[in-house]
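Just so it is clear, none of the values below were taken in a lab; they were calculated from the coordinates. Everything quoted here is computed from the prediction, not taken from an experiment. Glycine gets a Cβ as well: all are built from the backbone with ideal geometry, and neighbour counts include every protein chain shown.
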Amino acid sequence: MHLFGFSRREMSGPRPVVLSGPSGAGKSTLLKRLMKEYEGVFGFSVSHTTRNPRPGEEDGKDYHFVTRENMQEGIDKGEFIENAEFSGNMYGTSKSSIEDVQAQNLICILDVDIQGVQNIKKTDLNPIYISIQPPSMEILEKRLRERQTETEDSLQKRLEAARIDMELSKEPGVFDIVIINDDLEGAYEKLKSVLVEEIQKVQDAKK
Ligand SMILES: Nc1ncnc2c1ncn2[C@@H]1O[C@H](COP(=O)(O)OP(=O)(O)OP(=O)(O)O)[C@@H](O)[C@H]1O
Ligand SMILES: Nc1nc2c(ncn2[C@@H]2O[C@H](COP(=O)(O)O)[C@@H](O)[C@H]2O)c(=O)[nH]1
């Protein structure tokens, strides 16, 4: 089996991690904390998107912010392992975003929606699949509104996508673990406990 031209044996680095779950469930909050606590262990796979940057977001760090034309050109050229339409915008994971992280022997973290999960399952990336879920739709809506990043239209689209995500994530075998992000500390501890073995591998390799 080959992934991006490398055989699995040649790619003996740590297993990637896919973080998914509804928009507003707390994925970025948890992964930023993880990357801060374990500096030099994780590398973020920087996705491409056609949405506009939010205040404080940096091109090339949070996302590669691109036009639809640019993104479609890359997809047509086979540069993406997966891509999806979400809340009126295109999102996708380029092959090079993963290769850049894996070349450094870091645990590659992908933050993707449920369509991304379904499409990554068709590849041989072999990640650990983690779903971050909100305690309820009501709390999710409150968190999204308080974040003040969405228009009413975008918010409604995200809530609709969240309903589908919450249903699909209940299906057995889709995720290795589903973490309910109610209390942030508890959710973070659970996330760390799932990743402890991979973290150890990277830390041991550095010794
Ligand atoms: N356990 C929690 N309790 C209360 N608020 C939280 C909790 N976790 C995250 N939040 C807040 O909820 C909002 C949404 O979190 P975050 O942006 O991390 O979600 P996300 O899943 O990354 O969303 P998106 O997919 O849209 O990027 C943020 O304002 C964050 O500070
Ligand atoms: N399928 C993919 N989904 C992605 C990717 N990058 C992010 N996402 C998901 O999009 C929504 C919205 O993100 P936001 O930053 O606009 O709030 C969220 O669920 C992300 O997980 C990707 O490359 N592929």
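Beyond 28 Å, how much of the Cα-Cα pair distribution for the chain remains, as a whole percent?
25 percent
For the range 88-148, with only Lys/Arg (+1) and Asp/Glu (-1) charged at the beta-carbon, what is the dipole magnitude about the Cα centre, in debye rounded to 20?
Details: 7 positive and 8 negative charges, 26 e Å.
Rounded to the nearest 20 debye, it is 120 debye.
Rounded to whole Å and sorted largest first, what semi-axes of the equivalent ellipsoid does the C-alpha gyration tensor of the range 148-207 yield via the square root of 5 times each eigenvalue?
Values: eigenvalues 197, 51, 28 Å².
After scaling each eigenvalue by five and taking roots: 31, 16, 12 Å.
Is the range 1-124 rounded, prolate or oblate when judged by the Cα gyration tensor, a ≥ b ≥ c being the square roots of its eigenvalues, rounded requiring a/c under 1.5 and prolate requiring a/b larger than b/c? Mind showing how you got there, number by number?
Numbers: a/c = 1.60, a/b = 1.11, b/c = 1.44.
Verdict is oblate for the range 1-124.
Once you keep just the Cα pairs under 8 angstrom separated by 6 or more residues, what percentage relative contact order results for the chain?
Values: 297 pairs, mean separation 64.0, N = 207.
31 percent.
Given points 7 Å out from each Cα along the Cα-Cβ axis, report the Asp204 to Lys122 separation in nanometres with one decimal.
For the pair Asp204/Lys122, the computed spacing is 3.6 nm.
Quote the charge dipole size of the range 63-116 about the Cα centre in Debye, to the nearest 20; the model charges only the Cβ of Lys and Arg (+1) and of Asp and Glu (-1). Please report the intermediate quantities before stating the final value.
On the way: 3 positive and 10 negative charges, 11 e Å.
With Lys and Arg at +1 and Asp and Glu at -1, about 60 debye.
Which listed residue (Leu106, Leu144, Ile179) has the Cα farthest towards the positive end of the charge dipole for the chain, taking +1 on Lys and Arg C-beta and -1 on Asp and Glu C-beta about the Cα centre?
Final value for the positive-end residue is Leu106.
Counting helices only, and only those DSSP H runs with n ≥ 4, report the 222 nm mean residue ellipticity of the chain as the sum of -39,500 (n - 2.57) divided by its residues, in deg cm²/dmol to the nearest 500. Mind showing how you got there, number by number?
Details: 7 runs with 86 residues, N = 207.
Taking each H run of at least 4 residues, the total per residue is -13000 deg cm²/dmol.
Neighbouring Cβ atoms within 10 Å as the yardstick, rank Val117, Val194 fewest first. Spell out each step's value before the answer.
Details: Val117 25, Val194 15.
Lowest to highest Cβ neighbour count: Val194, Val117.
With the alpha-carbon atoms as the only input, what is the per residue convex hull volume for the range 75-124 in Å³? Don't jump to the answer; show the numbers that get you there.
Values: hull volume 4.2 nm³, N = 50.
Per-residue hull volume (Cα only) is 84 Å³.
Just for the chain, what percent of DSSP beta bridges are antiparallel, to the closest 5? Let's see the in-between values first.
On the way: 10 of 27 bridges.
So the antiparallel bridges in the chain amount to around 35 percent.
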